[in-house]
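See below for the structure under consideration.
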Amino acid sequence: MSLRAIVIGMVLVVGIVAAITWKKQLIPAQGAPQGTEMQSTAPSGELPPAGAPAMEAANDPGMTWTTPKGWTELPARSMRFATYGIPAVTGDSEAGECAVFHFGVGQGGGVDDNLDRWVGQFEKAHDVTRAKAELKGFKLSRVQVKGAYLAPSGPMMESSSTKAGFMLLGAIVEGPNGSVFFKFTGPEKTVRAAEPAFEAMLASLK
């Protein structure tokens with residue numbers, strides 16, 4: 001075999017090995033989480049940035065609370081620590097829902113950013129009130145808003161429908177393991193009727 005043929009053969013082998021190595025670098029390891037960096041910066045309130053993967057709820061919020069009597073704990077849902085169903089009052093065709101989110105220390109976005117996001121989920125938002133307080137050593141931030149609710153759903157949490165006459169009671173509690181987000185939405189009459197129960201749940205935090 002000539003020297004030239006040997007050299008050409010070696011070049012072809014090196015090229016094939018390099019191509020295989022490059023292809024392997026493009027394929028993530030099996031079972032490795034995707035989009036980890038985006039997950040760490042995604043805000044809560046059910047609205048990750050467009051194209052970002054959904055964050056997963058952390059297991060230990062570092063606090064406990066008592067579920068109000070008559071509220072039903074609903075099946076597990078992505079991104080949520082818990083979800084409660086609240087019965088509709090007479091005249092309302094839809095029940096209320098209280099979603100609880102917790103993503104861990106330093107996760108879920110800033111408090112005021114999330115309150116703004118919740119208000120922004122309403123068209124013609126009115127009667128918006130905010131408050132900050134301390135509750136049993138926890139920092140507590142509150143928001144209330146009424147209007148047409150742009151209910152988020154789906155993988156990208158985009159608005160799926162507009163629900164007129166809705167109300168939101170929101171509370172963000174800064175705990176030892178990170179913030180816990182309580183988002184209570186539903187027809188205004190149903191939310192108003194269950195407001196004392198929502199307040200009692202927050203008061204039961206420890």
> Just one of the numbered conditions (1) over 17 Å from PHE184 (Cα atoms); (2) under 17 Å from the mean Cα position of the chain (by Cα); (3) surrounded by 15 or more Cβ atoms within 10 Å (Cβ to Cβ); (4) not small (Gly, Ala, Ser) is not true of PHE138; which one?
Replying inline: (2)
> Of these, ALA194, ALA164, ALA148, which one is of a type in the set (A, V, I, L, M, F, W, C) and surrounded by fewer than 16 Cβ atoms within 10 Å (Cβ to Cβ)?
Replying inline: ALA164
> What is the number of the single condition among (1) at pLDDT 95 or above; (2) out of contact with any helix residue (DSSP H, G or I) (no Cβ under 7 Å at 6 or more places or on another chain) that GLY96 does not meet?
Replying inline: (2)
> Of all the strands (runs of 3 or more DSSP E) wholly in the range 106-201, which have at least 3 residues that are within 20 Å of THR66 (Cβ to Cβ) and of a type in the set (Phe, Trp, Tyr)?
Replying inline: 178-187
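The values are calculated or read from the model by the stated rules, or taken from the named source; none is laboratory data. Note that the coordinates shown come from a computational prediction; the quantities given were computed from them, not determined experimentally. Counting neighbours? That spans all protein chains shown, and the Cβs are built from the backbone with ideal geometry, glycine included.
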